[in-house]
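Trainee: Okay, here's the structure, questions in a sec.
Rule-based calculations on the coordinates, nothing more; no lab input. Every value quoted in this text rests on a predicted model; they were computed, and no experiment measured them. Cβ placement follows ideal geometry from the backbone for every residue including glycine, while neighbour counts extend to all protein chains displayed.
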């Protein structure tokens with residue numbers, strides 16, 4: 001299996017895992033009949049705490065790999081920007097907007113990744129890659145606008161604060177992604193992930209105390225149901241998924257790795273089909289637009305070189 005094939009498998013696997021994360025967040029906050037369980041801050045705190053607890057043994061073992069204060073700062077940036085802040089921003093956003101709309105806004109990540117990589121790390125980007133990003137973003141918009149029979153589920157229900165929360169989260173993701181790619185190359189994916197979560201482990205405990213998470217867990221009749229969904233989100237959608245994502249960043253470009261956010265809404269649509277939602281021709285067309293944009297951004301230059309080699 002070639003390196004390129006492995007990268008695509010990782011990308012698709014991550015899209016499947018993260019595509020289902022939005023519904024897991026919702027189920028951690030509300031039951032299927034909209035009964036409140038944990039609030040958004042409590043879900044964020046529990047998500048970080050459980051993921052950090054799972055990865056804590058690996059973090060202790062990897063501590064000796066940190067040799068400079070700069071490396072610690074970079075790992076702290078990954079911990080807070082790549083995990084801690086987005087965990088709270090996304091759950092807050094989903095108190096006001098639908099999962100589908102949140103998935104669409106998540107597609108800002110590649111754009112911010114490109115901008116930060118270019119400005120801060122002097123990472124060159126070609127015009128054709130920029131065009132590919134724009135095409136992919138258009139596909140995301142078309143996908144959400146063609147949400148099928150339950151179109152109201154994809155509409156904005158909150159206000160500018162909920163939208164801003166996800167935009168800030170995608171900016172945080174872009175900062176973390178570029179930090180991993182350009183400053184932490186000596187670390188393995190499991191080391192980056194475990195150390196980053198180790199750094200935010202104590203803050204997650206403080207956040208849990210501040211949001212009265214234990215009180216809710218002991219008093220809410222649906223707490224166990226919510227904890228099951230949050231645990232699935234923490235272990236598979238956070239700890240394991242972030243390890244795979246960090247590996248993908250190391251093995252590919254920042255642009256390719258961030259392209260996973262284009263596939264996440266597609267996965268959400270396909271998950272909807274399994275629970276009886278219809279898929280429309282508009283959605284199918286939007287998916288092809290997304291795939292075309294990802295192809296243009298990541299592979300057009302390589303294909304052109306093979307088809308039209310210079311003499």
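Trainee: Nearest 0.05, what FRET efficiency do residue 228 and residue 141 give at R0 = 41 Å with Cβ-Cβ as r?
Mentor: Efficiency, from the Cβ-Cβ distance: 0.75.
Trainee: Something else: Taking the beta-carbon count within 10 Å as an exposure proxy, list 34, 162, 212 from fewest neighbours to most.
Mentor: Listing 34, 162, 212 from fewest to most nearby Cβ atoms yields 34, 212, 162.
Trainee: Additional query: Which FRET efficiency value, to the nearest 0.05, is calculated for residue 76 and residue 127 with the Förster distance at 41 angstrom and r the Cβ-Cβ distance?
Mentor: Once the sixth-power term is evaluated, E becomes 0.70.
Trainee: Another question about this same structure. What ranking of 65, 161 emerges when the number of other C-beta atoms within 10 Å of each C-beta is taken as an exposure proxy, fewest first?
Mentor: Ranked by crowding around the Cβ, least crowded first: 161, 65.
Trainee: Can I ask one more? Suppose R0 equals 41 Å. What FRET efficiency, 1/(1 + (r/R0)^6) with r the Cβ-Cβ distance, do residue 65 and residue 219 give to the nearest 0.05?
Mentor: Given R0 = 41 Å and the Cβ-Cβ separation, E is 0.45.
Trainee: Same structure again: Counting other beta carbons within 10 Å of each Cβ, put 218, 133 in order, fewest first.
Mentor: Least to most surrounded, the residues fall as 218, 133.
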